[in-house]
Structures are given as structure tokens and as C-alpha cells.
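Asks: Input: one structure, supplied below.
The values are calculated or read from the model by the stated rules, or taken from the named source; none is laboratory data. None of these values were measured; they are calculated from a predicted model. When we count neighbours, we look across all protein chains shown, and the Cβ atoms used for this are built from the backbone with ideal geometry, even at glycine.
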Amino acid sequence: MFLVKKRTAPVLAAVAAVVTTLLGAAPAAPAAPAAPAASPASPGADHTAPGQRLAAWSPSMTIGGPDFVDRTIRMVVHSSVNGHGLRIHLSNLRGTTPLTIRSTSVAVQADRATAVPGTGHAVTFAHHASLTLAAGTEAVSDPVPMTVTADRSILVSIYLPDATTSATWHSDAFDTTYLSAAGDHTADTGDGNYVASTTSWYYLSGLDVLSPDARGTVVAFGDSITDGYNTPAGAYRRWPDDLARRLAGSRPMGVVDAGIGGNRVLTDVPNIWQGVSATQRFAHDALGQPGVKDVILLEGINDIGNNARPGGGPLTAQDLIGGYQELIGQAHAAGVRIIGGTLLPDRGNGYYSDTAESLRQAVNTWIRTGGAFDGVVDFDKAVADPADPTALDPRYDSGDHLHPNADGMQAMADAVDLGLLG
């Protein structure tokens, strides 16, 4: 059976004009039996093998994606942990109209949109191939009898027969998604019918697995630094990816990247695709992950850089500390450990000013010494220039003086004490 989850954070009040359809309009698909409406149910049990159910991959979703009609979308999912009995999560969480998905498939990726022959599986929801998700809901599939491997990719394909509006999406995937010509191509092994590509994920909000040896999931929660901005597409060099590879040896855990570019702790972002505030989305995006044990929080530089105080007026260190305390309280109420990450230096970026730097230093001092977090990762120290701690080390600077490059991401992952996790 599939699990339907209600909206846990409000959609932004002001919705921008619908993004232009990525592919031109196509003839409507042939009529088919109506998909069953989504309704509350329990996730399907998997009795095929033992293991702990945990999240292996799950991007945070926002409002404002493009429209589709009679298209198949094939997306790449890079698992952070070994597992089997996988389940696919589909989302209309930020949507404003019902969403019908006619068919869904999963297969091991060979290259680009091509699957490894013989690895494809049709995915069902409450034993139905199709489903309709009401606005503000999500669904979890029946378990699929296949295995996934840590640091390897699978392909998830969904067919959208009817016109959609303002897709629930993750804009900055730093991976490639493939769009088909008209029709249902979820069962295709080859990529001949996939005629366009983007770098976003649409409606696909998670992969969870049964893992026989992992100790749970750690959620990396933050903004564009966690999301992987300025890292190479398809290279999986974000710091959460690097952390997953460190854990894969003797201390395996699922790692979820819950970063959203531009996101803030205290206030919603006017650009709707950058999401509601951390305090509003934390319960869903972090604490709602299957098997979550720990959260590593790295967020606040966008609050400082935009001087974004709730209700207006100059932002203070205590404002941001209050936001952290709220997130700590949410985590502890859910029985989840929360680890604080210090904010990275940004001299040379447009965010920088003497006032903003004083604020960052005050916040970092509280993260290090306040004792409110269950542990601390000193990301600031890991990537700061030894000759000027207000700036990124040139070896780690992607070029904008705010976001680390791939080597900087590795340095961040290496700064995490694995003994804090699990």
C-alpha cells in the first residue's frame, strides 16, 4: 500500500507566474482508466529480507516548477547506502492542483538515460500502476524487489499523461534529468525517446531502502552550500556525498541532502523556488525522513547576507540563535540528535560587510560554545584561509568567495567527527 502524507509547511502566499513548459505542447495521450485518488494508507510491508528501513536519498522540494503534458521524466537517483526492497516517494506537496501519474519505473543506470538491460521494474502504489495525488500530499510506493548500491545511480521514470501546473520540484539538482518525446516511455531501456534534458528533479522526493547494516540516516540540512552549488553536475561532490562515502566503510549510514539554494533559517525567500524557511520545513524535510538519527545543520549565511529579520529591521545574532534553538527543540522532541555547523567565511562575496562579519562571528561563537547542539562541526575552520580567516582558503574557493569547490566540499566532509553520528 502507499502512504499519503499531508502538507506540513505552508505554500508561499505569493506564487509567481507558471514557468514556461520545457517542451512544446503535445497531443493528448489516449484515454485510459481513471487513476485511483490518493487516500491515507500505510506503507507496504516488505517481508523478503531483514533490515532497517531508512532514507537513502531525498531532495527538499519547492513550488514553481514547469508544466508538463504527455511526457515521461527520467531522473537520476544516487543512493547513499546499500539496500533492498526500495520504495519511491512521489510528491505534490507544493502543488496547487491534483497530479496524476500514470506509470512509474525504476532501473539501474547504465549511462545517461539508458538503463542496464533486465534491471527494470514497474513501481506500484497500493498495487496500482497509476495514482492521483491531491495538492499538498505525497505518496510512498509498494516495495520494489531490487537492490541498490551505495554511491551508484538508478533511474526513476514517471509518466505524466495530463497537463500539470507549477511542478513540485528541486530546481538545482546538479545532476541530469531526461525528458521524453510524447508518450509513456517509462519501460524503455534505451534513451532514444528521451529528447531533452534539464538539471532539476520533478515530483520525485525520496528513495528509502531496507539496509541490513546501516545505523540509520543523517540529514544534511542547509542552503546552497549543502545543495552543492558550483560543484560539477553528475559528479556527486557535494559535502553530503563525500560524507556518505566516508561512512560507507565501517560506519554505514544513509545520508540525505536537504539543502535548498538561497534558503534561510528565519524567513521565506521571495524567489519561490528557494523555499520556505528552515523553521517551517524542518519537520518535513529533516525529521520526516525514514530512519533519521542525526541532523547536521549548516544554515544562516543567507539570513545574514540579506539582513533578513522576521518583521523587518536589522537582523541580530540573537534572532538567528533563536531560530537555531527552535530547530534544536523540534529535533529533540522527535528524539533526533542535531549537530551544529559553523558558518563559512565569505569575504569577497557581495554578502560581506564588517557588520555581517561581526554577526557571523557572534553566531559561530555561540554554535561552538553555547552547548545547545548535540555536537559541533567546525566547517568555518575547515575551509577558512589561514592568512585571512574571514575568507575562504583559495584552494577551496569555487570562485564566488562563498561556495566551496569540490576540494572544499571534501574538506567539509572530512571535518565531521563520525563518532558524533548514529
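Asks: Checking P290 against (1) assigned to a helix (DSSP H, G or I); (2) more than 22 Å from G375 (Cβ to Cβ), which single condition isn't satisfied?
Replies: Unmet for P290, out of (1) assigned to a helix (DSSP H, G or I); (2) more than 22 Å from G375 (Cβ to Cβ): (1).
Asks: Let me ask something additional. Six or more apart or on different chains, Cβ under 8 Å: which pairs go from a residue in segment 272-298 that's assigned by TED's automatic domain parsing to the domain that holds T226 and crowded, with 21+ Cβ neighbours inside 10 Å to one that's part of a helix (DSSP H, G or I) and of a type in the set (V, I, T)? Could you list them?
Replies: Final answer for the pair search is L298/I225; L298/T226.
Asks: What tally of residues in segment 257-266 results from selecting those that are farther than 23 Å from G335 by Cβ and buried (at least 22 other Cβ atoms within 10 Å of the Cβ)?
Replies: Kept after step one, since they are farther than 23 Å from G335 by Cβ, are these residues of segment 257-266: 259-264, 266.
Pick out the ones that are also buried (at least 22 other Cβ atoms within 10 Å of the Cβ) and you get 259-261, 263-264, 266.
Adding up the residues that qualify gives 6.
Asks: Any idea which residue in segment 256-286 is farthest from S200 (Cα to Cα), counting only those that are among the hydrophobic types (A, V, I, L, M, F, W, C), within 13 Å of the chain's Cα centre (by Cα) and not in a helix (DSSP H, G or I)?
Replies: A286
Asks: Check off (1) out of contact with any Lys or Arg (no Cβ under 8 Å at 6 or more places or on another chain); (2) more than 22 Å from A372 (Cβ to Cβ) for R251 and give me the number that stays unchecked.
Replies: With respect to (1) out of contact with any Lys or Arg (no Cβ under 8 Å at 6 or more places or on another chain); (2) more than 22 Å from A372 (Cβ to Cβ), R251 is out only on (1).
Asks: Which residue is farthest from A248 (Cα to Cα), if the candidates are limited to segment 133-152 and must be buried (at least 19 other Cβ atoms within 10 Å of the Cβ) and polar (S, T, N, Q)?
Replies: Result: T137.
Asks: Select from segment 74-124 the residues that are of a type in the set (A, V, I, L, M), touching a Gly at 6+ places or on another chain (Cβ under 9 Å) and not in a strand (DSSP E or B) and write down the one among them that is farthest from A55 (Cα to Cα).
Replies: A113
Asks: Could you tell me whether segment 343-353 includes any residue that is buried (at least 20 other Cβ atoms within 10 Å of the Cβ) and touching a strand residue (DSSP E or B) at 6+ places or on another chain (Cβ under 6 Å)? Steps first, please.
Replies: To start, the set of residues in segment 343-353 that are buried (at least 20 other Cβ atoms within 10 Å of the Cβ) comprises 343-346.
Adding the requirement that they be touching a strand residue (DSSP E or B) at 6+ places or on another chain (Cβ under 6 Å) leaves 345.
Scanning segment 343-353 turns up at least one residue that is buried (at least 20 other Cβ atoms within 10 Å of the Cβ) and touching a strand residue (DSSP E or B) at 6+ places or on another chain (Cβ under 6 Å).
Asks: Another question, if that's okay. Is it true that W201 is at pLDDT 95 or above and crowded, with 20+ Cβ neighbours inside 10 Å?
Replies: Working: at pLDDT 95 or above: yes; crowded, with 20+ Cβ neighbours inside 10 Å: yes.
In short, yes.
Asks: To continue, here is another question. Is it the case, given these coordinates, that G419 is within 26 Å of T279 (Cβ to Cβ) and either surrounded by fewer than 17 Cβ atoms within 10 Å (Cβ to Cβ) or under 21 Å from the mean Cα position of the chain (by Cα) (or both)?
Replies: no
Asks: If you don't mind, another one. Just to check your reading of the model, which residue among A220, A196 is touching a Ser or Thr at 6+ places or on another chain (Cβ under 9 Å), within 30 Å of L343 (Cβ to Cβ) and at pLDDT 95 or above? Give the derivation first.
Replies: On the way: A196 fails: within 30 Å of L343 (Cβ to Cβ).
Testing whether each residue is touching a Ser or Thr at 6+ places or on another chain (Cβ under 9 Å), within 30 Å of L343 (Cβ to Cβ) and at pLDDT 95 or above leaves just A220.
Asks: Quick test of your reading of the structure: G249 fulfils all but one of (1) touching a residue at least 12 places away in the same chain (Cβ under 8 Å); (2) surrounded by fewer than 24 Cβ atoms within 10 Å (Cβ to Cβ). Name the failing condition by number.
Replies: Every condition holds for G249 apart from (1).
Asks: Continuing with the same structure: Just checking, does segment 106-126 include any residue being surrounded by fewer than 23 Cβ atoms within 10 Å (Cβ to Cβ), more than 24 Å from S79 (Cβ to Cβ) and either of a type in the set (D, E, K, R) or under 18 Å from the mean Cα position of the chain (by Cα) (or both)?
Replies: Checking segment 106-126: not a single residue is surrounded by fewer than 23 Cβ atoms within 10 Å (Cβ to Cβ), more than 24 Å from S79 (Cβ to Cβ) and either of a type in the set (D, E, K, R) or under 18 Å from the mean Cα position of the chain (by Cα) (or both).
Asks: Give the number of residues within segment 385-422 that are over 30 Å from R215 (Cβ atoms) and part of a helix (DSSP H, G or I).
Replies: Number of matching residues: 2.
Asks: Still on this model: Return a yes/no flag: does segment 383-394 have any residue that is modelled with pLDDT of 95 or more, in the same structural domain as P270 (by TED's automatic domain parsing), surrounded by 22 or more Cβ atoms within 10 Å (Cβ to Cβ) and not hydrophobic (A, V, I, L, M, F, W, C).
Replies: Initially, segment 383-394 is screened for residues modelled with pLDDT of 95 or more, giving 383-394.
Now narrow it down to the ones that are in the same structural domain as P270 (by TED's automatic domain parsing): 383-394.
With surrounded by 22 or more Cβ atoms within 10 Å (Cβ to Cβ) added as a condition, the list becomes 383, 392.
Now narrow it down to the ones that are not hydrophobic (A, V, I, L, M, F, W, C): none.
Checked against the condition, which is being modelled with pLDDT of 95 or more, in the same structural domain as P270 (by TED's automatic domain parsing), surrounded by 22 or more Cβ atoms within 10 Å (Cβ to Cβ) and not hydrophobic (A, V, I, L, M, F, W, C), segment 383-394 yields no hits at all.
Asks: Return the residues of segment 63-105 that are under 28 Å from A248 (Cβ atoms), in contact with a helix residue (DSSP H, G or I) (Cβ under 7 Å, 6 or more places away or on another chain) and surrounded by fewer than 22 Cβ atoms within 10 Å (Cβ to Cβ); say none if nothing qualifies.
Replies: Listed by number, the list is empty, since nothing qualifies.
Asks: Being under 27 Å from R245 (Cβ atoms), of a type in the set (S, T, Y) and more than 18 Å from the chain's Cα centre (by Cα) is the filter here, so list the residues in segment 142-177 that pass it.
Replies: T147, T149
Asks: Given the conditions (1) surrounded by fewer than 21 Cβ atoms within 10 Å (Cβ to Cβ); (2) in contact (Cβ under 8 Å) with a residue 12 or more places away in the chain; (3) at negative phi, and given that G183 satisfies all but one, which numbered condition is not satisfied?
Replies: So G183 meets the others, but not (3).
Asks: Residues of segment 155-177 being more than 15 Å from T104 (Cβ to Cβ) and of a type in the set (F, W, Y), which ones?
Replies: Correct list: W169, F174.
Asks: Given the criteria touching a Pro at 6+ places or on another chain (Cβ under 7 Å), surrounded by fewer than 24 Cβ atoms within 10 Å (Cβ to Cβ) and under 17 Å from T62 (Cβ atoms), does T226 qualify?
Replies: When the stated conditions are applied, T226 does not pass them.
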